1. Conditions: (1) modelled with pLDDT of 95 or more; (2) surrounded by fewer than 17 Cβ atoms within 10 Å (Cβ to Cβ). Residue A:63 meets all but one. Number of the miss?
2. Only residues in the stretch A:257-284 that are over 18 Å from residue A:33 (Cα atoms) count as the first member; pair them with residues that are buried (at least 22 other Cβ atoms within 10 Å of the Cβ) and not hydrophobic (A, V, I, L, M, F, W, C), Cβ under 6 angstrom, at least 6 apart or cross-chain, and list the lot.
3. Can you tell me how many residues in the stretch A:37-56 are modelled with pLDDT of 95 or more and either buried (at least 20 other Cβ atoms within 10 Å of the Cβ) or of a type in the set (Phe, Trp, Tyr) (or both)?
4. Being under 15 Å from residue B:128 (Cα atoms) and among the hydrophobic types (A, V, I, L, M, F, W, C) is the filter here, so list the residues in the stretch B:6-29 that pass it.
5. Name the pairs: first residue in the stretch B:30-44 and more than 9 Å from chain A (Cβ to nearest Cβ), second residue crowded, with 16+ Cβ neighbours inside 10 Å and acidic (Asp, Glu), Cβ to Cβ under 9 Å, at least 6 apart or on different chains?
6. Would you please name the residue that is nearest to the other protein chains (Cβ to nearest Cβ), looking only at residues in the stretch B:45-63 that are buried (at least 24 other Cβ atoms within 10 Å of the Cβ) and of a type outside the set (S, T, N, Q)?
7. Could you check residue A:286 against (1) assigned to a helix (DSSP H, G or I); (2) over 19 Å from the mean Cα position of the chain (by Cα) and say which number it fails?
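The values are calculated or read from the model by the stated rules, or taken from the named source; none is laboratory data. Computed from a predicted model, the values in this text were never measured in an experiment. Every residue, glycine as well, gets a Cβ built from its backbone with ideal geometry; the counts of neighbours run over all protein chains shown.
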Amino acid sequence: MQMKNFKEDFPLLRENPVVYLDSAVTAQRPESVINSEMEFYQKYNANPLRGLYDLGFKATECYEQSRETVRKFINAKSEREIIFTRNATESLNLVAYSYGINFLKKGDEILVTIMEHHSNQLPWRAVAEKTGAAVKYIECNHDGTITEEHLKQAFSERTKLVAVTHISNVLGCKTPIKRITELAKECGAVVVLDASQSVPHIPVDVQSLDVDFLAFSGHKLMAPFGIGVLYGKESLLEKMPPFLTGGEMIDSVTRDKVVYSDLPHKFEAGTVNAAGAWGLKTAIEYIQNVGYDTIGSIEEELTKIAFDGLKQIPRINIQGSSNPKEHCGIISFTIDGVHPHDVSSILDADGIAVRAGHHCAQPLMEFLGIPSTTRASIYFYNTKDDIDAFLNSVSSVRRRMGYGE
Amino acid sequence: MENNRSFYNEILTDHNLHPMHKHPLDTATASLEGVNPSCGDDIVLNLNIKDGVITDGSFTGDGCAISQASADIMLDLIIGKTVEEAEHLKDIFLKMIQGKATDEEIEELEEGGALSDISHMPARVKCAVLGWHTFENILKE
């Protein structure tokens, strides 16, 4: 397959020889995104939704255009359902504190999968503590598969909220979200989908998924840091109280009465990250230009090369499915006798950036019976040369750690 | 392309793969756990201190090569020393990791000098100092 070298679009990758295999933590930013954030400050900068002058209107227009781009991108029905936040963590906390604490009660059950990122676990534990609801886990197989059996064990008539990731940030596998949504409907539970790892890799349509809430961070999608999205069904958002209160989220405030703004502004207290939103709009346009088909096929090809290469190296254990197609570019692995942090330091010495640790998913690590892993995460701007360099370095690790092989 | 600047030198890998002092210590007069949450390094340091002298010591636990080797090298250095002498070495080691120790001082650390390159590796500093910090905390107690 002839691949375009997408690195050309990324100033950092153009100018720095780093082999960047850590896109699951944060993606690199294309030139167009960097330029558009700058463009906002150079051409449109004013505080959106406030200034009653031309520039203020322009800033507002940019911000609201970005919202409309996000709406179309995830196919939400209305822009009232798109709330800008700082990141997925804030989006999930918004749902926990505004929906969870106010609408769950003692005796209710919250389901989370064992593979959730801490950001989709800890807010629900806080809800449980405050409301008396209980957090229960949806288990999975060692390769990350959630079976019908696992679901049946977890769901009950007490289930009132299900918080689930779309793609595991450790194993790269997809969760059976359609089935989860069906089961949730049967018991009247709302579904909160963490799409942080999926939005950069696969098309996401909130109407066809039929989830109640969906959260993602812009920075994994090549947008600037500090902008994230919460989608929520309008009927739910309408009845939820504000998460944060303050400026630009009210219609009127008197000594004894507050009338909150309409959606989505009710949930966007304080000055917003308009330049970040403008950059997110450009990132979405960029990803749509590249196309999810192209992204998927490059990732699949490179993941397969990496898999085949790793299988040739003795004493490597790949976590998750044995099928590279089920990894969405994420390869977590361990090397016998070498701590993952030492693996990543050796790779770093060779100019290769990977993540090592528990990946903010300690309960999953405990379940897998390993304290931590090294994780290489591939994105469409990676090349076969990147994977070759990675494999070369990995194959040298045990020798360099003194194992004499 | 392999980078020879990699600090996994023979001294370090040898102490990691064959630690002399990694075993329980029945005669310990003081034991303390030291944890580095970011790496998951988790060691227990055991010391036998009599009349101001560290007569014996050991560690148990798990962690990355740097934390394990550093703890083993530390025990090599401090066993048989007075508490004051050992504290002096600890101060030098911590200075070295901050890139502030002189060559003469680093020489006092003997094999501990093999970890001097960690000063260029901010992500791994906590691993290198885990044993020494645990030692520091034992003395405080």
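1. So the condition that residue A:63 fails would be (2).
2. Short answer, once both residue conditions are applied: A:260/A:266.
3. Qualifying residue count for the region: 4.
4. Within the stretch B:6-29, B:7, B:11, B:12 meet the criteria.
5. Pairs found: B:33/B:42; B:34/B:41; B:34/B:42; B:35/B:41; B:35/B:42; B:36/B:42.
6. Our first condition is that a residue be buried (at least 24 other Cβ atoms within 10 Å of the Cβ); within the stretch B:45-63, this holds for B:45, B:47, B:57-59, B:63.
Those still in the list that are of a type outside the set (S, T, N, Q) too: B:45, B:47, B:57, B:59, B:63.
Values: B:45: 19, B:47: 25, B:57: 23, B:59: 16, B:63: 7 Å.
Step by step, filter the stretch B:45-63, then rank; the result is B:63.
7. (2)
Here's the yes/no breakdown for (1) away from chain A (no Cβ under 14 Å); (2) surrounded by 17 or more Cβ atoms within 10 Å (Cβ to Cβ); (3) free of Cβ contacts under 8 Å to residues at least 12 places away in the same chain; (4) more than 12 Å from the chain's Cα centre (by Cα):
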position	(1), (2), (3), (4)
B:72	no, yes, no, no
B:82	yes, no, no, yes
B:95	yes, no, yes, yes
B:109	yes, yes, no, no
B:113	yes, yes, no, no
B:131	yes, yes, no, no
